[in-house]
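Below you'll find the structure, written out as structure tokens, and then a few comments.
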Amino acid sequence: MSSLRLDPRPAPRHGTHSRLRAVSSQVRIGMLTPWAYRTSVLLGYPAIAVQIALYSVVWRAIYAGHDGTVAGSDVRTAVGYAVLGLTVSGVLNTSPYQSIASRVREGLIGVDLTRPIGLLTQNLAFQTGAVVASLPTVLVGLGTGLVVGGLAPPTSAAAAGWFAVSLLFAFAVSQLTTMLMALTSFWTLEVGGINMTFFVVRTFMSGAILPLWFMPGWLQAVAVALPFQASTYTPLAIYFGRPPGGVPMALGVQALWIVVLGGLCSWVWSRARHRVVVQGG
Amino acid sequence: MADLTRSPARAAEAGEAIRPPSTLRQFAVLVRIGLKAATQYRANFVLTSVGAICYEAVSLAFVGVIVHAFGSIGGWGFVEVAFVYGIRSTGHALHGLLSGQLWSTESVVRRGEFDRYLLRPVDPLVQLLTRQFQVTAVGDVVFGVVVLSVTAVAAPVDWTAGRVAFLVAAVVGSAFVESAVMLALASATFRLLDASPLLSVADRVFVTFGPYPLSVLPRAVGYLLTFVLPLAYAAFFPAAILLGRTDELFVPTWLALASPAVGLLLYAGAVRLFHRQIRHYSSPGH
């Protein structure tokens with residue numbers, strides 16, 4: 001297997017218009033790629049539905065011996081949290097379809113580097129498309145929530161509004177953490193183990209399934225120090241009227257993570273592009 | 001590799017009919033080769049094992065957080081719930097060693113790798129299962145055995161040789177129960193091209209319900225997890241028997257006692273099903 005080192009070259013200059021077209025075409029490709037395997041996507045919907053139904057059963061069973069609230073949450077909130085958490089994380093926390101890691105391993109990254117838009121922009125655009133493509137999950141998730149009687153309305157109109165804003169921030173945090181993770185593949189090539197740890201820690205610490213409010217204090221402190229909670233827990237907590245530290249604080253922490261992670265990504269990428277090894281020819 | 005070719009060659013020299021090695025022997029040889037290949041990348045081997053331990057630790061933490069917040073689940077305290085979890089996770093680890101590669105059935109079929117399996121003189125299922133060594137299972141086994149040992153000692157069980165033997169059999173049976181379900185679902189790949197969402201659903205159910213005393217769930221769900229997706233045999237039934245909570249079983253005690261045998265029977269059935277479904281394989285053409 002021959003390997004070729006690409007010198008980092010400045011991307012050729014293009015007008016804003018053609019750049020926009022290039023980006024939007026990446027978004028489109030991101031939307032279409034998952035649907036190339038229709039059965040897989042379609043079978044993914046019942047998967048979410050089953051999971052939501054499972055958690056509603058488990059929460060009700062766990063609450064059965066306890067009247068009222070535990071850690072400030074009643075059974076209705078716990079089930080509602082599971083419905084929304086699984087739906088939101090099912091849409092936002094997509095595992096990358098064409099991850100940088102797998103493209104580095106298969107040598108396709110060479111093709112990506114010849115495109116007129118930067119790798120990070122390409123990736124974000126593609127992933128945005130993938131998230132748009134997974135939007136039907138929302139209908140499935142909320143529909144199942146209605147069926148199992150677990151969909152509580154937001155505590156107030158304001159909570160609903162801030163929830164929407166926070167979701168946008170959560171999308172950015174989620175994509176940036178995934179990208180930062182993927183960029184490490186320029187150093188490690190084989191990332192199976194790290195990836196698995198990443199996905200697992202993300203699921204747990206993001207509060208996708210288990211609200212952070214059930215955790216003992218020290219574990220909550222760990223979760224708060226990590227970016228993952230900003231990608232799922234924050235919008236959900238806002239929805240259920242208990243934003244960590246109040247709404248402005250909660251949104252501020254999310255914004256801070258976007259800045260920090262965005263900066264980290266471009267820094268890591270600026271180091272990584274000097275190390276790119278394109279496998280095969 | 002040499003082992004596979006040497007014996008038939010020798011047999012041929014001696015003028016006997018060439019008999020391929022038994023399926024079990026083929027399996028052992030291929031696993032050994034896979035292990036050799038996997039340990040070539042030592043850093044990845046270690047990192048992947050650590051990743052697997054994290055995975056398990058997080059799911060134990062999940063249960064831990066719930067028991068911490070709620071005190072107990074349906075009258076089962078932390079030690080008892082953790083004991084169910086210990087049986088489950090050790091069984092799951094052994095299942096991973098045997099069946100971890102089933103997750104790649106989809107890509108094997110889609111990329112036409114399965115063509116090669118059909119051309120070689122080894123059972124295609126054996127080739128699929130030994131495709132690569134399941135490195136994560138090493139971490140899982142370590143984790144599972146530690147959790148099981150600690151919780152078994154802490155659990156209110158009066159250990160005798162017979163009970164220890166039942167525990168070991170139950171853990172092996174648990175592995176076969178889970179493998180049987182996954183194998184049966186993976187065999188749908190030959191018709192659907194991609195059965196990984198089915199595997200994910202089953203995996204979700206096993207992970208979500210696995211560690212809980214299933215007696216706290218609505219009876220209908222309990223029966224579903226006994227007779228449709230047979231999770232109950234994988235941990236809850238054996239644990240309830242060992243903990244002396246037979247009054248919480250929602251099936252006759254003999255059925256719960258037979259959990260290890262149920263696992264073996266189900267697995268044998270799943271292997272048959274897989275071989276039948278292979279007939280529906282159509283090569284993508286490579």
The stretch B:135-159, residues that are outside any helix (DSSP H, G or I) and open to solvent by less than 60 Å² (accessible area, probe 1.4 Å): B:Val135, B:Ala155, B:Val157
Would you check if there is a residue in the stretch B:225-233 being away from chain A (no Cβ under 14 Å) and surrounded by 22 or more Cβ atoms within 10 Å (Cβ to Cβ)? yes
Restricted to the stretch A:60-74, and to residues that are more than 7 Å from chain B (Cβ to nearest Cβ) and touching a residue at least 24 places away in the same chain (Cβ under 8 Å), which residue is nearest to the chain's Cα centre (by Cα)? A:Ser73
Exclusive hit being over 30 Å from A:Gly90 (Cα atoms), under 14 Å from the mean Cα position of the chain (by Cα) and at pLDDT 95 or above, set B:Ala170, B:Ala258, B:Ala161: B:Ala170
Among the numbered conditions (1) farther than 19 Å from A:Ser73 by Cα; (2) more than 10 Å from chain B (Cβ to nearest Cβ), tell me where A:Thr232 comes up short. (1)
Test: B:Leu198 is at pLDDT 95 or above and in a helix (DSSP H, G or I): no
For the stretch A:210-252, name all the residues that are surrounded by fewer than 20 Cβ atoms within 10 Å (Cβ to Cβ), out of contact with any helix residue (DSSP H, G or I) (no Cβ under 6 Å at 6 or more places or on another chain) and within 21 Å of B:Ala61 (Cα to Cα). A:Gly217, A:Trp218, A:Leu219, A:Ala221, A:Val222, A:Val224, A:Ala225
How many of the residues making up the stretch A:253-280 are crowded, with 16+ Cβ neighbours inside 10 Å, at pLDDT below 95 and among the β-branched types (Val, Ile, Thr)? 3
Unmet criterion (only one of (1) at pLDDT 80 or above; (2) within 14 Å of chain A (Cβ to nearest Cβ); (3) over 28 Å from B:Ser200 (Cα atoms); (4) open to solvent by 40 Å² or more (accessible area, probe 1.4 Å)) for B:Ala37: (3)
Can you tell me which residue in the stretch B:48-86 is surrounded by the most Cβ atoms within 10 Å (Cβ to Cβ), limited to those that are aromatic (Phe, Trp, Tyr) and facing chain A (nearest Cβ under 8 Å)? B:Tyr55
Report yes if A:Phe204 is open to solvent by less than 20 Å² (accessible area, probe 1.4 Å) and within 13 Å of chain B (Cβ to nearest Cβ), otherwise no. yes
Could you tell me how many of the residues in the stretch B:185-195 are in contact with a Ser or Thr (Cβ under 6 Å, 6 or more places away or on another chain) and at pLDDT 85 or above? 2
From the list B:Ser179, B:Ser174, which residue is in contact (Cβ under 8 Å) with a residue 60 or more places away in the chain and under 26 Å from B:Ser72 (Cβ atoms)? B:Ser174
On the basis of being within 12 Å of another protein chain (Cβ to nearest Cβ) and surrounded by fewer than 19 Cβ atoms within 10 Å (Cβ to Cβ), does B:Leu217 make the cut? no
What residue, of A:Val75, A:Val58, A:Val70, A:Val41, is closer than 30 Å to A:Ala125 by Cβ and not aromatic (Phe, Trp, Tyr)? A:Val41
Name the residue, out of B:Leu199, B:Leu193, that is within 14 Å of chain A (Cβ to nearest Cβ), surrounded by 21 or more Cβ atoms within 10 Å (Cβ to Cβ) and within 24 Å of B:Tyr117 (Cα to Cα). B:Leu199
Regarding the stretch A:144-157, can at least one residue be identified that is within 14 Å of chain B (Cβ to nearest Cβ), at pLDDT 90 or above and in a helix (DSSP H, G or I)? yes
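One line per residue, one yes/no per condition, for (1) of a type in the set (Val, Ile, Thr); (2) over 18 Å from A:Asn93 (Cα atoms); (3) open to solvent by less than 10 Å² (accessible area, probe 1.4 Å):
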| position | (1), (2), (3) |
| --- | --- |
| A:Pro154 | no, yes, no |
| A:Ala172 | no, no, no |
| A:Gln175 | no, no, yes |
| A:Ala182 | no, no, no |
| A:Phe186 | no, yes, no |
| A:Met196 | no, no, no |
| A:Ala208 | no, no, yes |
Given the structure, is B:Arg110 within 11 Å of chain A (Cβ to nearest Cβ), out of contact with any Phe, Trp or Tyr (no Cβ under 8 Å at 6 or more places or on another chain) and either of a type in the set (Lys, Arg) or closer than 28 Å to B:Tyr233 by Cα (or both)? yes
Among the numbered criteria (1) within 14 Å of chain A (Cβ to nearest Cβ); (2) among the aromatic types (Phe, Trp, Tyr); (3) assigned to a helix (DSSP H, G or I), which single criterion is violated by B:Phe176? (1)
Is it true that A:Arg9 is exposed (fewer than 14 other Cβ atoms within 10 Å of the Cβ), within 24 Å of B:Thr189 (Cβ to Cβ) and either among the small types (Gly, Ala, Ser) or modelled with pLDDT under 80 (or both)? no
Considering every residue within the stretch A:37-55, establish whether at least one is more than 12 Å from chain B (Cβ to nearest Cβ) and at pLDDT below 80. no
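The values are calculated or read from the model by the stated rules, or taken from the named source; none is laboratory data. Just so you know, these numbers come straight off a predicted model, no measurement behind them. FYI the Cβ positions are ideal-geometry reconstructions off the backbone, even for glycines, and counts take in every protein chain you see. Areas reflect the complete protein model, heavy atoms only, side chains present, ligands, DNA and RNA absent. Shrake-Rupley method; radii C 1.70, N 1.55, O 1.52, S 1.80 Å.
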